[in-house]
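These notes are about the structure you will find just below.
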Amino acid sequence: MKKCDLCHKPDKVHYRVKSIIHKEWIFCCKECWNETSKQNNYSYGGTRKSR
Ligand SMILES: [Zn+2]
């Protein structure tokens, strides 16, 4: 499993996102995505699944 770029917890699914705080694309877990999706300039770039 890959790790979340924000909380570094391993998970199977990550969301590729950017925001005003994270100007480069990051991969984050669902929990962190909940937070990131509320930030300004949020954009969603897909979902990464690992086995
Ligand atoms: Zn996370």
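Laboratory data are not the source of any read-out in this text; all were calculated from the coordinates shown. Nothing here was measured: the structure is a model prediction, and the numbers come from that model. Glycine also receives a Cβ, built like all others from the backbone with ideal geometry; neighbour counts cover every protein chain displayed.
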Unmet criterion (only one of (1) away from the ligand (no atom under 14 Å from the Cβ); (2) assigned to a loop (DSSP other than H, G, I, E, B)) for residue 45
(2)
So, in the stretch 9-27, of the ones that are in a loop (DSSP other than H, G, I, E, B) and without any contact (Cβ under 8 Å) to a residue 12 or more places away in the chain, which residue ends up surrounded by the fewest Cβ atoms within 10 Å (Cβ to Cβ)?
24
Search result, residues across the stretch 28-42 that are within 15 Å of the ligand (Cβ to nearest atom) and part of a loop (DSSP other than H, G, I, E, B):
29, 37, 38, 39
Examine the stretch 32-51 for a residue that is under 8 Å from the mean Cα position of the chain (by Cα) and surrounded by fewer than 17 Cβ atoms within 10 Å (Cβ to Cβ), and state whether such a residue exists.
no
